[in-house]
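Okay, so here's the structure we're looking at.
The values are calculated or read from the model by the stated rules, or taken from the named source; none is laboratory data. All values derive from a computational prediction rather than experimental measurement. Neighbour counts run over all protein chains shown; Cβ positions are idealised from the backbone, glycine included. The accessibility values were calculated without ligands, DNA or RNA, using every heavy atom of the protein model including side chains. Shrake-Rupley method; radii C 1.70, N 1.55, O 1.52, S 1.80 Å.
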Amino acid sequence: MNRFWNQVKQQFRLIATAAVLVLGQMPQASAVTVNPTGVNVKTFGATTVFLTFRGLNNQTAAEAFWCGDINADNSCVAGTIFGRLPLRSDLSRLSGQNNFTDIMTIPASVSRRAYQDALRGNRSDFFYVRRFVNPTTGQSEFVAVTCRLAGGGARVPLSLTNVQLKFADGQPVPAITTGESLPKFGAEIRFNGTGRLKGRWEVVLPGDPLPTREDLLTEATLPIEQRALQRRYTQLERFDTFLQPTGKFFLPGPDPSRFPKGSVGAHLILLRIEATDDREGNSDIGTPNQGRAISNGGVAGFPMPVLRYFITPSQPKPLLLEPRQGQTVISPVKFVWQGISGVGGYRLMVKNTDKMVLSALLEPDKTQYTAPPWLQEQAGNSLTWSIQALKADGAILQESTVGSFRIK
């Protein structure tokens, strides 16, 4: 009997030795890691975080989920999924040789579900799980990032959650003539965290190549090697301000008088946000010998909006025809002028020195006017007259020269 068990043990030793030799000859796939491994996120609202997945071994990224609990292999526990990363928010891309850059934008609905789950007595943190697939073997690897519910102020990565550019007068696309100035404008910014907001205002002139979607992303949203490739345009002004953890901020635009006024056509105003050092949002992309943290303050999960405006050629001035310069006329006086296109109306003004003696508002198709008989009371005086071309809102579009005449 002892001889039999000794033979069995010997067979097991041979099998185990063969298995070790086979496994030792198989290539070992390095596990994918992520940095940062955990972040504070806003409890009531959206949060955006720059993530770097390192050490991909010819793997491709698949879907990403948020869930309340994970298994031993970092996959989501069934029944605890809060949501899936929307395709419109997926700004992920390959970076370097074996890295993968991911912009994790947590919708407010996911944070709300995590908060409600915590109220039921479950854990207060949740997980962002990204799946990577080996195209050769079909095997999946799951990598998880811990998301800790916080207030959205200090110790939360500085990220932009919403940006709106507006003109002060509410015009969506103003049209100005050559030489005129734009109305004032600025950016209404909503954000998480606290830190420096740094960047510049630029203008795209007619004839310049239009910005791409990558050009409109904030610098911190792009992988490190793509940041210097963003196209630059005519710079108007730089800004560098510290954002307190209030969640909203109004950034005034540059002085409208600084804008180029000589180019006729469509113009675009760009808000360019540069990456700043933010310890809570920095990500270690790794190097062959040591870690390397890159600055990601000012990350956003969407392209920056643009403002549009048009510059049109200067309108010609209304031309005075009758009475002619210095002419003496007989009452009733008839005023005639050459109109211009695109007006909302005209205003005729007759003055005695600086005193207004006659003012009349006329429809845009009227280019002549007969003065009332009482203007005869100004007989013998030196009078002046002029025409104002008005916009539809009553603002002055153009004004004629001043003509002089007398009434006999």
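Here are the numbers for this structure:
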{"read-out": "Every pair of residues 6+ apart whose Cβ atoms lie under 9 Å, when the first sits in segment 242-269 and is on the phi > 0 side of the Ramachandran plot while the second is open to solvent by 20 Å² or more (accessible area, probe 1.4 Å) and outside any loop (DSSP other than H, G, I, E, B)", "value": "247/42; 247/161; 247/190; 265/310; 265/312"}
{"read-out": "Residue match in segment 117-133 (condition: charged (D, E, K, R), in a helix (DSSP H, G or I) and under 22 Å from the mean Cα position of the chain (by Cα))", "value": "no"}
{"read-out": "Selected residue [loosely packed, with under 13 Cβ neighbours inside 10 Å, under 56 Å from the mean Cα position of the chain (by Cα) and of a type in the set (A, V, I, L, M, F, W, C)] from 396, 387", "value": "396"}
{"read-out": "Elements of type strands (runs of 3 or more DSSP E) contained in segment 154-241, each with 1 or more residues being open to solvent by 70 Å² or more (accessible area, probe 1.4 Å) and of a type outside the set (Val, Ile, Thr)", "value": "159-167, 185-192, 195-204"}
{"read-out": "Residue match in segment 70-86 (condition: at pLDDT below 90 and either of a type outside the set (Ser, Thr, Tyr) or open to solvent by 60 Å² or more (accessible area, probe 1.4 Å) (or both))", "value": "yes"}
{"read-out": "Count - residues of segment 327-369 that are loosely packed, with under 15 Cβ neighbours inside 10 Å, within 29 Å of residue 313 (Cβ to Cβ) and not aliphatic (A, V, I, L, M)", "value": "8"}
{"read-out": "Extreme residue, modelled with the lowest pLDDT, among residues of segment 399-408 that are touching a strand residue (DSSP E or B) at 6+ places or on another chain (Cβ under 6 Å) and open to solvent by 50 Å² or more (accessible area, probe 1.4 Å)", "value": "408"}
{"read-out": "Within segment 242-257, tally of residues that are assigned to a loop (DSSP other than H, G, I, E, B), farther than 17 Å from residue 166 by Cβ and open to solvent by less than 30 Å² (accessible area, probe 1.4 Å)", "value": "1"}
{"read-out": "Residues of segment 91-128 satisfying the condition of being surrounded by fewer than 21 Cβ atoms within 10 Å (Cβ to Cβ), under 16 Å from residue 80 (Cβ atoms) and not basic (Lys, Arg)", "value": "109, 115, 116, 117, 118, 119, 121, 122, 124, 125"}
{"read-out": "Residue check, residue 317 open to solvent by 20 Å² or more (accessible area, probe 1.4 Å), in a loop (DSSP other than H, G, I, E, B) and either at pLDDT 90 or above or not hydrophobic (A, V, I, L, M, F, W, C) (or both)", "value": "yes"}
{"read-out": "Some residue of segment 370-382 being out of contact with any helix residue (DSSP H, G or I) (no Cβ under 6 Å at 6 or more places or on another chain) and within 29 Å of residue 313 (Cα to Cα)", "value": "no"}
